[in-house]
1. Among the residues of segment 171-191, which ones are more than 21 Å from Lys126 (Cα to Cα), open to solvent by 20 Å² or more (accessible area, probe 1.4 Å) and part of a loop (DSSP other than H, G, I, E, B)?
2. Looking for whichever is near the ligand (Cβ under 9 Å from one of its atoms), of a type in the set (S, T, N, Q) and farther than 30 Å from Leu65 by Cα here; the options are Ser357, Ser375. Which one fits?
3. Only one residue in Lys317, Lys311, Lys427 is more than 14 Å from the ligand (Cβ to nearest atom) and part of a strand (DSSP E or B), so which one is that?
4. Of all residues in segment 58-79, count the ones that are under 22 Å from Gln298 (Cα atoms) and either crowded, with 21+ Cβ neighbours inside 10 Å or among the hydroxyl-bearing types (Ser, Thr, Tyr) (or both).
5. Return yes when Ala414 is farther than 15 Å from Leu331 by Cα, in contact (Cβ under 8 Å) with a residue 12 or more places away in the chain and either away from the ligand (no atom under 15 Å from the Cβ) or in a loop (DSSP other than H, G, I, E, B) (or both) and no when it is not.
6. Residues in segment 461-482 that are more than 14 Å from Val422 (Cα to Cα) and either free of Cβ contacts under 8 Å to residues at least 60 places away in the same chain or in contact with a Cys (Cβ under 7 Å, 6 or more places away or on another chain) (or both): how many?
7. Do you know which of the residues in segment 325-354 that are small (Gly, Ala, Ser) and in contact (Cβ under 8 Å) with a residue 40 or more places away in the chain is nearest to the ligand (Cβ to nearest atom)?
8. Being within 11 Å of Thr381 (Cβ to Cβ) and within 16 Å of the ligand (Cβ to nearest atom) is the filter here; which residues of segment 464-482 pass it?
Amino acid sequence: MGLRIMNEIIFACLVDFRYFNLESILFATSIREFGGKLANTPIWMFFDSTESSPKSVTENKLNDLRVQLFPYTHEPNQERFPFLNWVFTASLAETKAKSKTKNLAWLSPETLILNEPFDLILQADKKLGFRPVHHTLIGSVITEEVDPYWKTIYNLCQVDATKIFPMRTHIDGKTIRPYFNAGCLVVNPNHGILNLWFEKFKEIFPRPEMKEFYKHNELYAIFTHQAILVGTVISKYDLDEIQELPFTYNYPLHLYHEAREELRPSSIKDLTTIRYENLAVLKNSEFAKPIIEWVNNQLDILNPDISQFGKYSLGPKPLIFPIPISLVGALVAGKPNFETIGDVGIMGLNPPLVYVSSHKEHYTNHGILRNQTFSINLPPTSLLPQTDYCGVVSGKDVDKSQLFTVFYGKLHNAPMIVEASVNLECKVIKEFSIQNRQIFIGEVVQSYIDERLLEKKGDEFKIKDMINIDPIIYGLNNRYYSIGKEIGVGYHEYKKFKPD
Ligand SMILES: Cc1cc2nc3c(=O)[nH]c(=O)nc-3n(C[C@H](O)[C@H](O)[C@H](O)COP(=O)(O)O)c2cc1C
């Protein structure tokens, strides 16, 4: 028997990739970033592969976000009703989720998760969680008599009238008979309610008596899937088997101004999940301002103007490659100490200036600040384990003075490593802080190289081949590399280039 992994929750939705590339990414990113303890659970996206498929940039990004994509094909001959795909894929998701979770959240892809959505974990013995619709629309106001449309629905779904209970819409604040929003549901998939919903929907929607309602008011055609959902749920479940989710779930951003003032949340950050209807609403909503920078950063990722050049935005990252790894040395409390530093570089040539960016809490910094000197040592790849070690332990906790043979030059207090290929002895000429780093700008007062790397040309010693320095290269992917081969000569290669 295969091992089944139970997930606390699975998030699933239907995405039409003709329109919702950015939305699908926002949806998944919001779960991963703001989902708290539920951030790492599976995300499933269903799409009708006869109509659309994700753009390759979308697919890459969804892949990075560990979203599982499930293409499906609708039967070509099937009569297409509004929301048929929605109800069908809800049933597909439910079937797939059986015995993988007790909580399948079926959400609109135009949803953002802004805080850990712990109420989507159903309470004990509950089989479904729902939100009332935002507006009454075709809903049935409790103080009024049940109208012919709802009578027909109750009849066709065999709803027991004693089970009708009151619920309140958040935006127009009406007390209505049960009417759920189908864009925010959580079900225990093992009970098959979404499959039943699909069966009833296929059977009831095209009935002649229902078609009469659609003729009079097209809203009936659009929202009948939700009415059938309610009918299915109430006829199948006892009322203590279902739960209403708090109003901080599925909050309709596009209707914020329509809600009575006393019902408006004070900050978007207090909400757990929001619906935004379309990107323009999200970008222009004054109420959404506190999250707009986050939204814009995500949207940049799929900037269509950029992707046409075959470019994929990674978000703002200092992707400079290669980075030579150095061991920065200083004398701290009378002993040499070395830290691994990737963020070093050249700042000027005459006199030679270099910089080191070291976190302010590092032990090495004490010595640099005190003596106003430091060294930069380029270890060869054979010293990789020791070099990595100097980057994971601090001189505060571990004595690193015995790791290497140390020598001193003209400054007398900038310890340098004999086993390193190259050593720069530096005097601090400027120091400043940025973010949590201290930046030390040093003038190179002397530089040293392993004599085995030199050859004599006339009276002069020259570096035989820089490749023999064999530096440790580091990449933003947290991998070390060694250097490749020589490919040309500086200030000469341009000759092979012929501009038109
Ligand atoms: C590959 C690698 C690169 C690193 N680059 C830097 C860096 O550029 N700046 C920095 O402040 N720390 C960097 N570190 C972390 C420090 O080396 C590490 O915190 C070290 O323990 C500090 O030692 P100290 O407290 O003895 O000075 C890097 C570590 C590794 C493994």
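The values are calculated or read from the model by the stated rules, or taken from the named source; none is laboratory data. Given the structure is predicted, the values throughout are model-derived calculations rather than measurements. For neighbour counting, all protein chains shown are included, and Cβ atoms are generated from backbone atoms with ideal geometry for every residue, glycine included. Only protein heavy atoms, including side chains, enter the accessible area calculation; ligands, DNA and RNA are left aside. Shrake-Rupley method; radii C 1.70, N 1.55, O 1.52, S 1.80 Å.
1. First, the residues of segment 171-191 that are more than 21 Å from Lys126 (Cα to Cα): 171-176.
Next, only the ones that are open to solvent by 20 Å² or more (accessible area, probe 1.4 Å) stay: 172, 174-175.
Once the filter is applied, which keeps residues that are more than 21 Å from Lys126 (Cα to Cα), open to solvent by 20 Å² or more (accessible area, probe 1.4 Å) and part of a loop (DSSP other than H, G, I, E, B), segment 171-191 yields Asp172, Lys174.
2. Ser357
3. Lys427
4. Within segment 58-79, residues that are under 22 Å from Gln298 (Cα atoms) and either crowded, with 21+ Cβ neighbours inside 10 Å or among the hydroxyl-bearing types (Ser, Thr, Tyr) (or both) number 4.
5. Here the answer is no, as Ala414 does not meet what is asked.
6. We begin by selecting, within segment 461-482, every residue more than 14 Å from Val422 (Cα to Cα); these are 461, 473-482.
Keeping just the survivors that are either free of Cβ contacts under 8 Å to residues at least 60 places away in the same chain or in contact with a Cys (Cβ under 7 Å, 6 or more places away or on another chain) (or both) gives 461, 477-479.
Final tally of qualifying residues: 4.
7. Taking the candidates together, the pick is Gly342.
8. Matches in segment 464-482: Pro471, Ile472, Ile473, Tyr480, Tyr481, Ser482.
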